[in-house]
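The values are calculated or read from the model by the stated rules, or taken from the named source; none is laboratory data. In this text the structure is predicted, and so the values were computed from the model without any measurement. Backbone-built Cβ (ideal geometry, glycine too); neighbour counts: all protein chains shown. These area figures cover heavy atoms from the full protein model, side chains too; ligands, DNA and RNA do not enter into them. Shrake-Rupley method; radii C 1.70, N 1.55, O 1.52, S 1.80 Å.
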Amino acid sequence: MATPLLLLPGMMCDARLFGPQIAAFSAERAVQCAPMRARSTFEIAEEILIHAPPRFALLGLSMGGIVAMEIAAQAPECLAGLALLDTNPRAEIDTVKAARAPQIEGARAGKLASVMRDEMKPRYLADGPGKQSILDLCMEMALKLGPDVFESQSIALRDRPDRQETLRGLECPSLVLMGREDSLCPLDRHELMASLLRGSTLEIIDGAGHLPVLEQPDATNAALARWLEKCDG
């Protein structure tokens with residue numbers, strides 16, 4: 001039987017982020033996308049594990065990757081495989097931490113759309129014909145989740161621990177994947193993660209930025225299919 005696949009979305013995203021992956025893989029395996037609403041990565045991981053299958057392949061993108069590393073720290077025995085997409089194993093740096101408070105205040109003041117549009121989304125994607133529709137979807141997801149989730153997720157990211165040692169200790173099929181034009185989580189972060197994860201594969205998707213799952217779904221799904229085959233083995 002195929003290994004269940006658990007998906008963890010990026011900040012202010014929901015299952016729609018993984019629409020192409022759900023369509024590609026749900027015929028052959030159980031696919032679940034977990035919400036992330038608590039104010040620490042530890043609590044988010046705890047809540048996800050309560051509802052997760054006993055053993056699963058875990059895929060996290062951006063903030064989802066950060067939470068995936070926390071799950072790996074709490075319950076490595078549950079992982080049939082780990083895929084980390086466009087993410088970062090390090091704790092948050094001080095300059096980014098300092099920007100969190102005004103962003104949270106803006107969201108609280110009814111300006112969540114402006115925060116997403118002006119401070120976050122411009123760095124998300126590579127140029128291409130589908131860029132605007134993906135940005136529109138990102139805005140829809142963010143506004144649906146709302147300012148309370150924005151605040152909780154911002155605090156969770158701000159206070160997250162470094163998880164490099166967690167990755168060093170893992171022994172499961174692992175994939176590190178990024179869009180070549182990702183400026184939020186650049187290549188050096190992914191090379192670091194690949195070097196820490198024993199036997200991992202590093203995949204770089206051309207024509208994509210921070211969201212290759214939507215920007216280049218066919219190439220991304222091909223890499224994920226190769227990883228899932230190892231997880232099932």
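In percent, what relative contact order does the chain have, based on Cα pairs under 8 Å that are 6 or more apart in sequence?
Result for the chain is 25 percent.
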Kirkwood calc, the chain, C-alpha pairs only, radius in angstrom 17.5 Å
Expected vector for the range 220-233, Karplus 3J(HN,Hα) from phi with 6.51, -1.76, 1.60 and θ = phi - 60°, integer Hz, x for Gly and Pro, equals 5, 5, 5, 5, 5, 5, 5, 5, 5, 4, 5, 4, 6, x
Relative to the chain, whose Cα atoms define the longest principal axis, helix 63-74 and its Cα axis are tilted in degrees, nearest 10, by 50 degrees
Computed over the range 1-143, protein heavy atoms only, probe 1.4 angstrom, the accessible area per residue in square angstrom equals 43 Å²
Quick calc: nm separation of the 7 Å Cα→Cβ label points for residue 133 and residue 168 -> 4.5 nm
Contour minus Cα-Cα span, residue 118 to residue 105, at 0.36 nm per residue, comes to 3.2 nm
For the range 168-200, listing GluC sites (Glu not before Pro) in a DSSP loop whose Cβ sees at most 11 other Cβ atoms within 10 Å gives 171
For the range 1-126, the percent of all C-alpha pairs falling in each 5 Å bin, from 0 up to the bin holding the max distance, is 2, 10, 18, 22, 19, 13, 9, 5, 1, 0
Here FRET efficiency (C-beta to C-beta, residue 22 to residue 74, R₀ 25 Å, nearest 0.05) is 0.50
The size of the Cβ-based charge dipole (Lys, Arg +1; Asp, Glu -1) of the range 92-223 about the Cα centre, to the nearest 20 debye, is 300 debye
Computed, not fitted: 222 nm per-residue ellipticity of the chain from DSSP H runs ≥ 4 (each -39500 (n - 2.57)), nearest 500, equal to -14500 deg cm²/dmol
Expected field for residue 187, accessible surface area in Å² at 1.4 Å probe radius, rounded to 10, holds 70 Å²
Using a 1.4 Å probe on heavy atoms of the protein chains only, the accessible area for residue 100 in Å², nearest 10, reads 20 Å²
Restricted to pairs 8 or more residues apart or on different chains, the lysines in the chain with C-alpha atoms under 24 Å apart form a number of pairs equal to 8
The range 66-120 and the range 129-186 have their Cα centres apart by a whole-number Å value of 6 Å
With all protein chains present, the range 78-182 has a carbon and sulfur share of its accessible area (1.4 Å probe) in percent of 49 percent
Averaging 1/r across every pair of distinct alpha carbons in the range 142-191 and inverting yields a Kirkwood hydrodynamic radius, in angstrom, of 13.8 Å
